[in-house]
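Since the structure comes first, as structure tokens, the remarks are kept for the end.
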Amino acid sequence: REHRMAKATVEMAVWDLFAQRAGKPLSALLGGTRDRILCGVAIGIQPSIEALMDTIGRELEGGYQRVKLKIKPGLEVEIAEGTRKSFPDLPFMLDANSAYTLRDVELFKRIDPTRPMMIEQPLAHDDLVDHAALQREITTPICLDESIHSGEDARKAIAIGAARIVNIKAGRVGGLSSAKRVHDVCAAQGVPVWCGGMLEMGIGRAHNVHLASLPNFRLPGDVSASARYFATEIIGEPFTVAPDGTMRVPTKPGIGVTVLEEVIRKLALERKELRPGRV
């Protein structure tokens, strides 16, 4: 898919360097308007509905403002109904990871009464037309993730009614410049966005936090506390979630964190040095 993540690795590092040389936090150069971002948490398939409810309860105690629940065929209705019964006022969303087709429309209609915030990527990543058809049949807003790789993709999806919400992952779309274009296209059409996560360690997480400070990131994203995934961080200032479910946007120049190079060397499985003029 055009090596977008590889390109994003270089492009996002350049943004960091650019902001450092300007003496400004990355959020300021991107157009961020917040000093704190809204945080949510993603929860995978659990051994039982009871275990899932227990997990949700623990995450809410950590301050998260919304939960994202993974679903799969045969469990979607039970997960949605169980969550709404146990947590009547909880903002929750469902993530299908393209596990369904239009033949499953009746299942999605059964989910509607549970009032999820959205259902993320229910159908194939390359089928905007079917997503638009599904959205006409259900009331739950469809959020697109893997279907969106550029501002132009976002424009087309919104135009045909395939997306009422968009998940932006800088790595998926090729970097921060493309992520900002997707944000701006959605903002112009009144479509809210949120920042997805891909299990980033501190450097990638810092980029996400700065990105999520832009004004149209109106929904809690998947940017969780560092300690939720990693026992050891590669930055000196691990990210934490406040009791009100927010996370502070770093204010130092660049991404605003201290990279612990000795920790990276310790954790690295392989090292390769690239220099100008050499491949």
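The values are calculated or read from the model by the stated rules, or taken from the named source; none is laboratory data. Since the structure is predicted, the reported quantities are computational estimates derived from the model, not experimental observations. Neighbour counts are summed over all protein chains in view; Cβ atoms, including those assigned to glycine, are modelled from backbone coordinates with ideal geometry.
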Fill in: Selection count, segment 72-116, where residues are touching a residue at least 24 places away in the same chain (Cβ under 8 Å), part of a loop (DSSP other than H, G, I, E, B) and either surrounded by fewer than 14 Cβ atoms within 10 Å (Cβ to Cβ) or out of contact with any His (no Cβ under 9 Å at 6 or more places or on another chain) (or both)
13
Worksheet, complete the sentence: Of the residues in segment 46-63 that are part of a loop (DSSP other than H, G, I, E, B) and modelled with pLDDT of 95 or more, the one that is surrounded by the most Cβ atoms within 10 Å (Cβ to Cβ) is Gln46
Worksheet entry | segment 117-143, subset not hydrophobic (A, V, I, L, M, F, W, C) and not in a loop (DSSP other than H, G, I, E, B), residue surrounded by the most Cβ atoms within 10 Å (Cβ to Cβ) | Glu120
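Here's the yes/no breakdown for (1) at pLDDT 95 or above; (2) in a helix (DSSP H, G or I); (3) closer than 24 Å to Arg155 by Cβ; (4) among the aromatic types (Phe, Trp, Tyr):
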{"residue": "Ser177", "(1), (2), (3), (4)": "yes, yes, yes, no"}
{"residue": "Val185", "(1), (2), (3), (4)": "yes, yes, yes, no"}
{"residue": "Val191", "(1), (2), (3), (4)": "yes, no, yes, no"}
{"residue": "Trp194", "(1), (2), (3), (4)": "yes, no, yes, yes"}
{"residue": "Gly204", "(1), (2), (3), (4)": "yes, yes, no, no"}
{"residue": "Phe230", "(1), (2), (3), (4)": "no, no, no, yes"}
{"residue": "Glu233", "(1), (2), (3), (4)": "yes, no, no, no"}
{"residue": "Val241", "(1), (2), (3), (4)": "yes, no, no, no"}
{"residue": "Thr251", "(1), (2), (3), (4)": "yes, no, no, no"}
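Tell me whether segment 154-175 contains one or more residues that are of a type in the set (D, E, K, R), assigned to a loop (DSSP other than H, G, I, E, B) and crowded, with 21+ Cβ neighbours inside 10 Å. Talk me through it step by step, then tell me what you get.
Here is the first cut: in segment 154-175, the ones of a type in the set (D, E, K, R) are 155-156, 164, 169, 172.
So of that shortlist, the ones also assigned to a loop (DSSP other than H, G, I, E, B) come out as 164, 169.
Going one step further and asking which of them are crowded, with 21+ Cβ neighbours inside 10 Å, we end up with 169.
Among the residues of segment 154-175, at least one is of a type in the set (D, E, K, R), assigned to a loop (DSSP other than H, G, I, E, B) and crowded, with 21+ Cβ neighbours inside 10 Å, which makes the answer yes.
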Item to complete: Assess whether Arg228 counts as being in contact with an Asp or Glu (Cβ under 8 Å, 6 or more places away or on another chain) and either surrounded by 10 or more Cβ atoms within 10 Å (Cβ to Cβ) or hydroxyl-bearing (Ser, Thr, Tyr) (or both).
Response: no
